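Scroll down for the structure; my scribbles are underneath it.
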Amino acid sequence: MRKAIIITILITGILLLGMGVILLMTKSDHIDLSATLPNGPVAYVHMYDTHKNWEKIVQAPFWKEAKKANLEIFLRNMGVGAKEMQYLKQATEEIFDEQNREFIKKILGQEFAVALYPGDVQLRNLVEPSPVQEMSLGDQLITGLVLVTRIPADMQALFSVTGYMQEFGPSVTVTNYDYSGHLIQTLSFDKYQFEVSYVNYKGLLFAAVNEEIIKQCLDVLIGGEPSLIDDPNLKRVKAVHDSRSAMVAYWDVSKVISGLKQQALELSYVFNRQLNEDQVGELLQNIDGFQLLNASVVVDKITEIRFKSFVNMDQMNDSQKQKYLCASPGYESLSFIPNNALTFFWNSCIDLREAFEQVNNVPSQGSGLVSNHSGRFDKIKNLTGIDIQKDLMPNLGNEVGGYMTNIHQMIFPIPELLFFVEVKNQEAIRNLMSSLTNFPFVQRQQEEYKNINIQYFNTPFTDVIQPGYAMIDKFLIIALNRRMIQTAIDARESGEGSLEKNPDYAEVSARFSGEVKAVQYFQPKGLIEKLGTVFGWLDKKKIVELENVSDFKSDQRVLLNVQLGLIEKISNDIKEMRQKLAVLEEEIDRFRGFGMDVADKEQERALLVRQVDNKEKDFQSAKMKRLELQSVVDLQESKENQLRREKQNKDYFIYPLISALRTLRSVSTETVLDETEYAINIYFQ
């Protein structure tokens, strides 16, 4: 009977525990993580369905290929020290340890968020930092961090019943602290001189370096203090939030800029320039108007990485405003881009005149800048008869683009490129282009192709290099050869052969915003296949260079060994001659003692002394020659090692990553600009 009662009590206890855990989970599931954190962070990251999305990533062909890249070899070849490599190895082993990985998966596998609250970061610590200052700066950066994660039922049971988190061994000190009826525990890791505090609240685990932030989280949950869910920044981000997102984050840029302005003089020290506060303020004015940076990731058939910056036009200068107020003309340019384009870019808001002035360093009012490139443009004028700034720029618009369809392997790789630019005054551009001076070894030709006039130049390099230009719609087209222009005209004529009809591009471009101002598109597999000829060409050059360096080093080492043998021989000769000189001097002394004539012996001695002096000079010259040869050998060995490291990096790190890129059908980016935002969206297909 007693046994039955005990069993009944145990079963009842287990059921109650299970119900309690389920209740905790049910309650925590109804709590938005942002509602558990204090208001006003500088940065916030929220991860959803972590384990599920991570599994999508690691099962993708891209990841399976990318993980073959050997990071250890790459870092070692890049000069990372043995101590740092050992730390990295230990950290990697601990992270990927099966038990630790399972623990991390349970802690972070459902949903978690990280917030960073303002701290007292002193930029002066970046100037000639000492180990103490570096540690202080690191502490300042992480003091404001807090993690909140939703933990599963079995982990809640461990936290609630067994005190699992206290089982860390003798090197960790656990301190308990009661705050409003909730147990805050602080773990002190003596080995790393590091502390972290945590509390378990209804299935939510809070962890932070600063115990005060844990208290603030509890104040939000039990004291009704303002939470992050009511933060204007988060509301702004959630308004554009995609429900499919695996990650959503934001960074309050305005707070950072404000903090930098408050430490303006320290910032000037960081840049190691003698700037006053006004000058630093002018420097920071370039990023004025950027209020909030938002990032999100969607892991799906087409993975999307979106960056959005919310802007305030009132805080921007006129030059910045023009970029945002630029009207998008749409995708007219795509009609003549062929569907076999390996790469493509298009931008509708480039101020070519401003870009030219920046390149040319044309002095602006009060800037005092001196032109560094005007001589180059004078050479272009002398060669072509065109003054770029006066004749060309005023007649060009803001829409530019280009694409590549092939890479020809000749003496060296030649990419097949076509560029296009919007033209404001077509008649002026036609007259300008027709006035081009004839170049040596080339002959101007023209043809009518489907009612479009193509001007091109014959060269000795077959029809692969046959530079030409034409006017298509509102664009001036400039291409490597005439055939590219004909293909562009064909694509525009039929429509079926244009990039718009490419299924991969069509699937991605359907996601583009109506306010898109720039687009980039890549077909990694085709591009890498074409680049394979370039990689092969570069590899052959490097192999030949390595062989030459190695052979030259071997030859110099042979000479060095010969020189070392010569030094040893001269040293032995000097030793023998000194011994003879010592014997001769003893004879001279002995002959003198007997009153004998030593004139001949003195002459013999003087000759031997001169011979020793000459040998010692030869010895010093041989040593200098040895040092020269050793320096050459060391230099060649350094070059050889560098080339071998570069080859290792390519073979074990870069090429595996390139193989990973080959698994992608396309990579695209779009840039969106309007009066309220600046966004860059990246799509991996």
Residues of the range 323-366 that turn out to be modelled with pLDDT of 80 or more, touching a Phe, Trp or Tyr at 6+ places or on another chain (Cβ under 9 Å) and aliphatic (A, V, I, L, M), as a count: 3
Those residues of the range 43-100 that are charged (D, E, K, R) and part of a loop (DSSP other than H, G, I, E, B) come to a total of 4
Which is in contact with a Ser or Thr (Cβ under 7 Å, 6 or more places away or on another chain) and more than 23 Å from Val400 (Cβ to Cβ), of Asp539, Asp504? Asp504
Residue, farthest from the chain's Cα centre (by Cα), within the range 39-73, restricted to residues that are over 30 Å from His241 (Cα atoms) and crowded, with 17+ Cβ neighbours inside 10 Å: Glu65
Those residues of the range 476-514 which are farther than 24 Å from Gly397 by Cα and among the hydrophobic types (A, V, I, L, M, F, W, C) amount to Ala506, Val508, Ala510
Working only within the range 610-629, note down all residues that are surrounded by 13 or more Cβ atoms within 10 Å (Cβ to Cβ) and over 30 Å from Phe552 (Cβ atoms). Gln611, Val612, Lys615, Glu616
Of the conditions (1) assigned to a helix (DSSP H, G or I); (2) modelled with pLDDT of 85 or more, Ser254 clears all except one; give me its number. (2)
Say whether the condition of being under 20 Å from Asn340 (Cα atoms) and modelled with pLDDT of 90 or more is met by at least one residue in the range 378-400. yes
Name every residue in the range 209-240 that is touching a helix residue (DSSP H, G or I) at 6+ places or on another chain (Cβ under 8 Å), under 16 Å from Asn39 (Cα atoms) and aliphatic (A, V, I, L, M), in order of residue number. Val220, Leu221, Leu228, Ile229, Leu234
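The rows are residues; the columns are (1) at positive phi; (2) modelled with pLDDT under 85.
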position	(1), (2)
Trp537	no, yes
Lys541	no, yes
Leu546	no, no
Val549	no, no
Leu564	no, no
Glu568	no, no
Ile574	no, no
Met577	no, no
Gly595	yes, yes
Yes or no: the range 218-226 includes at least one residue that is surrounded by 21 or more Cβ atoms within 10 Å (Cβ to Cβ) and either under 35 Å from the mean Cα position of the chain (by Cα) or assigned to a loop (DSSP other than H, G, I, E, B) (or both). no
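When you check Gly514 against the structure, is it out of contact with any strand residue (DSSP E or B) (no Cβ under 6 Å at 6 or more places or on another chain) and not assigned by TED's automatic domain parsing to the domain that holds Phe344, yes or no?
So Gly514 fails the test.
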Here is a list: Pro460, Pro503. Which entry is farther than 30 Å from Thr671 by Cβ, surrounded by fewer than 17 Cβ atoms within 10 Å (Cβ to Cβ), in the same structural domain as Leu342 (by TED's automatic domain parsing) and out of contact with any helix residue (DSSP H, G or I) (no Cβ under 7 Å at 6 or more places or on another chain)? Pro460
State the number of residues belonging to the range 63-117 that are closer than 28 Å to Asp32 by Cβ, small (Gly, Ala, Ser) and at pLDDT below 85. 1
Identify, please: which residue in the range 538-562 is under 16 Å from Leu643 (Cα atoms) and buried (at least 17 other Cβ atoms within 10 Å of the Cβ) and is, among those, nearest to the chain's Cα centre (by Cα)? Leu546
Taking the options Val508, Val519, name whichever one is surrounded by 14 or more Cβ atoms within 10 Å (Cβ to Cβ), assigned to a helix (DSSP H, G or I) and in contact with a strand residue (DSSP E or B) (Cβ under 9 Å, 6 or more places away or on another chain). Val508
Strands (runs of 3 or more DSSP E) completely within the range 408-505 that count 3 or more residues being more than 18 Å from Phe344 (Cα to Cα) and touching a Phe, Trp or Tyr at 6+ places or on another chain (Cβ under 9 Å): 443-449, 452-458, 468-472
Would it be correct to say that Gln216 is more than 14 Å from Pro41 (Cβ to Cβ), among the polar types (S, T, N, Q) and either out of contact with any Phe, Trp or Tyr (no Cβ under 6 Å at 6 or more places or on another chain) or modelled with pLDDT of 85 or more (or both)? no
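The values are calculated or read from the model by the stated rules, or taken from the named source; none is laboratory data. What you are looking at is a predicted structure, and each value in this text was computed from that prediction instead of being measured. Ideal geometry is used to build each Cβ from the backbone, glycine not excepted, and the neighbour counts take in all protein chains shown.
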